[in-house]
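The values are calculated or read from the model by the stated rules, or taken from the named source; none is laboratory data. No experiment lies behind these values; they were computed from the predicted model shown. Here Cβ is always computed from backbone atoms with ideal geometry, including for glycine, and neighbour counts include all displayed protein chains. Calculation scope for accessible area: heavy atoms of the full protein, side chains included, ligands and nucleic acids excluded. Shrake-Rupley method; radii C 1.70, N 1.55, O 1.52, S 1.80 Å.
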Amino acid sequence: MSPRRNRPRGGEKPVDRLGTDRYGLERTETWQGEEWVVRLVGGGGSGKHYRCPGCDQEIPPGVPHVVAWQQHMGVDDRRHWHKACWNARDRRSAKLQRSRNAPRY
């Protein structure tokens, strides 16, 4: 029996759909005529609950997601999106209404 190979075989690392393979690196994207700064956050980098503006669902701590804000706005206007919601943002609407008792994140 051959020993198990623990070393990577080489070749190129796969790149995700957003064009990067590293968490924490910022890039700019154009959406609705505005420049947006986009950053991928790994599961270990989030310690709070956030609410995704794309689906209005909660992003629990430990879940990888996307942080995006308009380039001319400050970092106080950052929004945390599920990665799938950010990729489908043109098909999603932020017109969902929360009830009065729903928490705002």
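For this structure, a couple of remarks:
- Restricting the range 24-41 to residues that are without any contact (Cβ under 8 Å) to a residue 12 or more places away in the chain and assigned to a loop (DSSP other than H, G, I, E, B), the residue that is farthest from CYS85 (Cα to Cα) is GLY33.
- Boolean, ARG100 is modelled with pLDDT under 75, open to solvent by 50 Å² or more (accessible area, probe 1.4 Å) and part of a loop (DSSP other than H, G, I, E, B): yes
- Contacts under 8 angstrom Cβ, first residue in the range 52-74 being under 21 Å from ARG27 (Cβ atoms) and among the aliphatic types (A, V, I, L, M), partner in a loop (DSSP other than H, G, I, E, B) and open to solvent by 50 Å² or more (accessible area, probe 1.4 Å), 6 or more apart: ILE59/HIS49; VAL67/ARG78; ALA68/ARG78
- The residue that is surrounded by the fewest Cβ atoms within 10 Å (Cβ to Cβ), counting only those in the range 42-93 that are outside any strand (DSSP E or B) and of a type in the set (Asp, Glu), is ASP76.
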